[in-house]
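Just below is one structure, and these are the notes that go with it.
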């Protein structure tokens, strides 16, 4: 998965 | 969530709290770059706007709120409460030289040309260089207090652990985010010189100018 808008990291 | 990611987050949290407590307990922010702290507050603000648009987990939401809250509390202590102890004469790094190019780059190289995504990209790029005013201040004054070096160490370890987290995620989840990885590598490299001094000199660290 490259470049998703929903970022799950801090 | 893997062990590197969790340890990285906790190291980041430790760094932020070490700094807050240091300023609070000593009633002084001498040796701390207010400009770096403003940049970190800006980083968290622009990155965590997604608090308003998407929910990921309770852990994620809580940590974001804590990071933002602590960042503004730190800025408040430096520029308001303990302003008299602030090392303004030495904290002379020009942050517009970071913000302007980073802003331009986030418009040019991003995953998606939308406001939130550009702001997220901006925060990633800005975080990678936000420590420069602090390192600049230390090189000007010639030394840093032990507790300040612990703060910097935790902050550097945090991004280094994230690199391992990304390697892990690439192998086990097939996930990688090129923007975060490149910026994270740059950020970690900026700490390498400091890591070397921290390990070899231990206590008092002076970055040769």
The residue that is farthest from the other protein chains (Cβ to nearest Cβ), considering only those in segment B:1-25 that are closer than 17 Å to residue B:81 by Cβ and out of contact with any helix residue (DSSP H, G or I) (no Cβ under 8 Å at 6 or more places or on another chain), is B:25
Taking the condition of being surrounded by 14 or more Cβ atoms within 10 Å (Cβ to Cβ) and either assigned to a helix (DSSP H, G or I) or more than 14 Å from chain A (Cβ to nearest Cβ) (or both), how many residues in segment B:50-60 meet it? 3
I'd like to know if segment B:30-41 contains one or more residues that are within 14 Å of another protein chain (Cβ to nearest Cβ), touching a helix residue (DSSP H, G or I) at 6+ places or on another chain (Cβ under 8 Å) and under 23 Å from residue B:15 (Cβ atoms). yes
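Filter segment B:91-125 for residues that are part of a loop (DSSP other than H, G, I, E, B), more than 14 Å from every other protein chain (Cβ to nearest Cβ) and crowded, with 17+ Cβ neighbours inside 10 Å and give the result. Can you show your working first?
Quick first cut of segment B:91-125, residues part of a loop (DSSP other than H, G, I, E, B) only: B:91-95, B:109-114.
Right, trim to more than 14 Å from every other protein chain (Cβ to nearest Cβ) and you get B:91-95.
Answer for segment B:91-125, where residues must be part of a loop (DSSP other than H, G, I, E, B), more than 14 Å from every other protein chain (Cβ to nearest Cβ) and crowded, with 17+ Cβ neighbours inside 10 Å: B:91, B:93, B:95.
We did not get these values from a lab; they are worked out from the coordinates using the rules stated. This one's a predicted model, so the numbers in the text were calculated from it and none came from an experiment. Using ideal geometry, Cβ is built from the backbone for each residue, glycine included, and neighbour counts are taken over all protein chains shown.
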